[in-house]
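Participant: Shown below is the structure under consideration.
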Amino acid sequence: MSRILVAGGAGFLGSHLCEALLKKDNEVYCIDNFSSGHERNLSIISSDKRFNLVRQDVRSSLLSQPRCDVIINLGSRASRSEWEAFPIDVLTTNSEGTRNLLECAKSWKSKYICMSSSEIYGDPEVIPTPESYPGHVSSTGSRSSYDEGKRYSEALVMAYHREKLLDTVIIRLFNTFGPRIRGGNAYGRVIPRFVEQAMSNSPLTVYGDGSQTRTFMYVDDFIDAMLRIISSDYSGEVFNIGGQTEISVEALAGAIISLTDSNSKIQKLPLPTADPKRRCPDITHATAALDWTPKISLEDGLSKFIAWHESQ
């Protein structure tokens, strides 16, 4: 049994990860300030004696916590509406929070896993995008608090890896969905927003002409990748983790209307500034190093998510 710290453990991905780690007989310390996470996400595991919930912001020192063998940092707001509403919070969480957790890793001699994002690539000129692509981003645009926050956190992780010899891995996560993901906001994550709109027979709001593409991965495939990375010996590595089916936003809307048997129509609205035209990861490195590829198709993942949404 290992003791594992999950920063942002009350969020969508963090709660699924805490649950999976407990199933592998680990002791889990979930650190969260509940700025975007929810206690209800932890209801399944809250009574487990191996689970420890610490209500704390990662921007304050965590060295008083028990030593952990692995630190996984998912601690950041992660939707466009939040980047624009709370840009200072997003930037400082990804800078000061990352520094605090890296100091814990240095003191405890822990493995450190940085949850970065496809956002660091900006609007990429290379598709599928490999880990070697340096990015096509703006440091002053409306997405910059998250883009640059994640780029800085990656640079800091690699500085600690090189100078302090820390055992580190960076994960660049592409769009992921599943139970507990939040929707609601007009600029929120697209799949829960579309499902909510379709199930109420409201118009599905597509921004621009809908030709922009994304790839989507179901949360179970994310968990599979994470467990492989935690148990691997790789250090100083960067891995793209994401789905492989590139689909336009308009086609995604049509698929969700069909799967929910909705009477909704598609409503097109002005495209927000700096919206990437395409997003698709090159996962060659993860496949070769971790023997990992996503297993759940987009249609199956959507069906699972819709069924969960109906149950709520």
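Each reported figure results from applying straightforward, stated rules to the coordinates on display, with no laboratory input. Since this is a predicted model, take the numbers as computed values, not measurements. Glycine gets a Cβ as well: all are built from the backbone with ideal geometry, and neighbour counts include every protein chain shown.
Participant: Can you tell me which residues in segment 182-224 are of a type in the set (V, I, T), buried (at least 22 other Cβ atoms within 10 Å of the Cβ) and within 13 Å of the chain's Cα centre (by Cα)?
Facilitator: Within segment 182-224, V219 is the sole residue that qualifies.
Participant: Quick check: anything in segment 242-258 closer than 23 Å to T129 by Cβ and touching a helix residue (DSSP H, G or I) at 6+ places or on another chain (Cβ under 6 Å)?
Facilitator: Within segment 242-258, one or more residues are closer than 23 Å to T129 by Cβ and touching a helix residue (DSSP H, G or I) at 6+ places or on another chain (Cβ under 6 Å).
Participant: Still on this model: Can you pull out every residue in segment 227-241 that is in contact with a helix residue (DSSP H, G or I) (Cβ under 6 Å, 6 or more places away or on another chain) and either buried (at least 21 other Cβ atoms within 10 Å of the Cβ) or closer than 13 Å to F177 by Cβ (or both)?
Facilitator: Listed by number, the residues that qualify are F239, I241.
Participant: Still on this structure, I have one more. Just to confirm my filter: which helices (runs of 4 or more DSSP H) fall fully inside segment 221-312 and include at least 2 residues that are over 28 Å from V126 (Cβ atoms), in contact with a Leu (Cβ under 9 Å, 6 or more places away or on another chain) and of a type in the set (D, E, K, R)?
Facilitator: none
Conditions tested, residue by residue: (1) among the aliphatic types (A, V, I, L, M); (2) surrounded by fewer than 20 Cβ atoms within 10 Å (Cβ to Cβ); (3) not in a strand (DSSP E or B).
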| position | (1), (2), (3) |
| --- | --- |
| C104 | no, no, yes |
| S107 | no, yes, yes |
| S132 | no, yes, yes |
| D147 | no, no, yes |
| Y152 | no, yes, yes |
| L165 | yes, yes, yes |
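Participant: For segment 76-90: of the residues being part of a helix (DSSP H, G or I) and free of Cβ contacts under 8 Å to residues at least 60 places away in the same chain, which is farthest from Y112 (Cα to Cα)?
Facilitator: A85
Participant: Give the number of residues within segment 145-163 that are in contact (Cβ under 8 Å) with a residue 40 or more places away in the chain, closer than 18 Å to I72 by Cα and among the charged types (D, E, K, R).
Facilitator: The number of residues fulfilling the criteria is 2.
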